[in-house]
Amino acid sequence: IKILVIPEGVLVTSVNLLEPLDIPCRLTHWQTRRGMPEHKSTSYLQCQLAWQMAQDAGFDDSILTDDTGWVYETGRANLFWVKDGQCFTREHDVLPGIMRHFVLSNTDVQFSHITYEDLLTVDEVFITNSIRGIASVNIIDSHNFKSSGVATSLQSELRAFTQT
């Protein structure tokens, strides 16, 4: 449910939760960036277009990249990657999501930047958002990923946290 208060009144929208929260997801990529990324706003046309393009191509979401190939987040989620047992994410220029905060508070995460090409060489990729929680990424475009266990461990911690 999304509640938006504007000068003209209150707008309430909702969507059905269509999929199990712990299934792996498939991502593609699209060159665009979120406007005002560090603020939750109603200006998310670029993210909606990136998500719709991914859906039309048979993917769950799009990784947002800039014109030089730097990775930011997806149209609807924060992005994390694991290389040699270390978990990484961007520090700035991404939405400060609730699930992102949970991951940052519950595991050792280093802040870094990564290009799309380098992202395809990491050991594990996962996304976080308030609807899906923590979801492993099993495909980016035509590249397959296997879990190194970081996302699975965080999913267990999240389940334990929400059941207390």
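The values are calculated or read from the model by the stated rules, or taken from the named source; none is laboratory data. Please read these numbers as outputs of a predicted model, since none were measured by experiment. Glycine also receives a Cβ, built like all others from the backbone with ideal geometry; neighbour counts cover every protein chain displayed. Each accessible area value is taken on the protein alone, full model and side chains, heavy atoms only, with ligands, DNA and RNA left out. Shrake-Rupley method; radii C 1.70, N 1.55, O 1.52, S 1.80 Å.
For segment 46-61, the set of residues classified as more than 16 Å from residue 139 (Cβ to Cβ), out of contact with any Asp or Glu (no Cβ under 8 Å at 6 or more places or on another chain) and open to solvent by less than 40 Å² (accessible area, probe 1.4 Å) consists of 47 only. Of all residues in segment 124-144, those satisfying the criterion of being closer than 22 Å to residue 104 by Cα and open to solvent by less than 40 Å² (accessible area, probe 1.4 Å) are 124, 125, 126, 127, 128, 129, 132, 133, 134, 135, 136, 137. Taking each residue of segment 92-116 that is over 14 Å from residue 63 (Cα atoms) and looking for partners that are among the basic types (Lys, Arg) with beta-carbon atoms closer than 7 Å, six or more apart or interchain, yields 111/90. Residues in segment 62-73 that are hydroxyl-bearing (Ser, Thr, Tyr) and open to solvent by less than 60 Å² (accessible area, probe 1.4 Å) were compared, and the one that is nearest to residue 137 (Cα to Cα) is 62.
Can you find a residue in segment 123-137 that is under 21 Å from residue 26 (Cα atoms), among the β-branched types (Val, Ile, Thr) and either in a loop (DSSP other than H, G, I, E, B) or touching a Lys or Arg at 6+ places or on another chain (Cβ under 6 Å) (or both)? Give the steps one after another, and end with the answer.
Just the residues of segment 123-137 that are under 21 Å from residue 26 (Cα atoms), to begin with: 123-137.
Checking which are among the β-branched types (Val, Ile, Thr) leaves us with 125, 127-128, 131, 134, 137.
Then drop every residue that is not either in a loop (DSSP other than H, G, I, E, B) or touching a Lys or Arg at 6+ places or on another chain (Cβ under 6 Å) (or both), which leaves 128, 131.
Yes: one or more hits.
Search segment 111-123 for residues being among the polar types (S, T, N, Q) and in contact with a strand residue (DSSP E or B) (Cβ under 7 Å, 6 or more places away or on another chain), and hand back the single one that is surrounded by the most Cβ atoms within 10 Å (Cβ to Cβ). Checking each candidate, the answer is 115.
Determine if segment 32-54 includes at least one residue that is part of a strand (DSSP E or B) and at pLDDT below 95. If you could, list the steps in order and put the result at the bottom.
Looking only at segment 32-54, we keep the residues that are part of a strand (DSSP E or B), and these are none.
Checked against the condition, which is being part of a strand (DSSP E or B) and at pLDDT below 95, segment 32-54 yields no hits at all.
I need a count of the residues in segment 145-164 that are open to solvent by 40 Å² or more (accessible area, probe 1.4 Å) and part of a loop (DSSP other than H, G, I, E, B).
Initially, segment 145-164 is screened for residues open to solvent by 40 Å² or more (accessible area, probe 1.4 Å), giving 146-148, 152-153, 156-157, 159-164.
Still in the list and also part of a loop (DSSP other than H, G, I, E, B): 146-148, 163-164.
Result for segment 145-164: 5.
Looking across segment 80-107 at every residue that is open to solvent by 70 Å² or more (accessible area, probe 1.4 Å) and of a type in the set (D, E, K, R), the one that is farthest from residue 128 (Cα to Cα) is identified as 84.
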